[in-house]
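Shown next, in structure tokens, is the structure this report addresses.
The values are calculated or read from the model by the stated rules, or taken from the named source; none is laboratory data. What you see is a predicted model; the values in this text were computed from it and never measured. So basically every Cβ, Gly included, is an ideal-geometry build from the backbone, and we count neighbours across all protein chains shown.
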Amino acid sequence: MPFVFKRLALLMSITVALAADKEQAFHAPAAASMAHRQTVGQVTIGAETYVAGDKVRAAFGRLVPYDYGVLPVLVVIQNDSRESIRLDQMTAEYVGPHGSRVTATPSGDVKYARPPHRPDLGTAPPMPIPIKKKNPLAAPEIEGRALAAQMVAPGLTASGFLYFETQLQNGATIYLSGLTEARSGKELFYFEIPVE
């Protein structure tokens, strides 16, 4: 009997380890190592678009938000200053090469970016039982991977995705403002990070 329990415990630990590996497959890079970054004072912010490929799979699994009109941008904030930095008043915009601006969509609202599919009633008779398709943008990874930190303490990093309902444009930038020092309330200079 004890052998059966040991075997069961081993199988359960392997299952838990595999599930943990699956959930923790995505790791944000250091802000200083990102190709697109800016440093103001002792705060470095890096930004990178996630359109397709292995990095999108690591972050969102089979979901590719860009296929549904949502551009995810990974933002990594490294605070090397001696002051805590507040992010709760931060605003984020995707600025196109000709000055067009798109404000970041709150992660909880991304699922509404894709309108519901309307059936074409003119070509086929209506089905007696409506079939509902799940909205792919309602995936838990969208909110789970969003930039949700309210503050970044000295020496620490915060990272997550900002979501923009736009297409990727050459020459575009991510414009971040409203970051403030927690103690003094002094606003940091804005960040304007090029993304491709």
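Would you say L168 is within 16 Å of the chain's Cα centre (by Cα), of a type outside the set (D, E) and part of a loop (DSSP other than H, G, I, E, B)? When the stated conditions are applied, L168 passes them.
On the stretch given as the range 166-180, residues that are of a type outside the set (A, V, I, L, M) and under 15 Å from T91 (Cα atoms) total 5.
For (1) at pLDDT 95 or above; (2) more than 13 Å from F164 (Cα to Cα), each residue gets a yes or a no:
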site: K55; (1), (2): no, yes
site: Q78; (1), (2): yes, yes
site: M90; (1), (2): yes, yes
site: E93; (1), (2): yes, no
site: R101; (1), (2): yes, no
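So, in the range 63-107, how many residues would count as being more than 12 Å from the chain's Cα centre (by Cα), among the hydroxyl-bearing types (S, T, Y) and part of a strand (DSSP E or B)? Within the range 63-107, residues that are more than 12 Å from the chain's Cα centre (by Cα), among the hydroxyl-bearing types (S, T, Y) and part of a strand (DSSP E or B) number 3. Restricting A47, A35 to residues that are in a loop (DSSP other than H, G, I, E, B), in contact (Cβ under 8 Å) with a residue 12 or more places away in the chain and either at positive phi or among the hydrophobic types (A, V, I, L, M, F, W, C) (or both) narrows the list to A35.
Residues in the range 140-156 that are within 21 Å of P29 (Cβ to Cβ) and either under 15 Å from the mean Cα position of the chain (by Cα) or of a type in the set (D, E, K, R) (or both): E141, I142, G144, R145, A146, L147, A148, A149.
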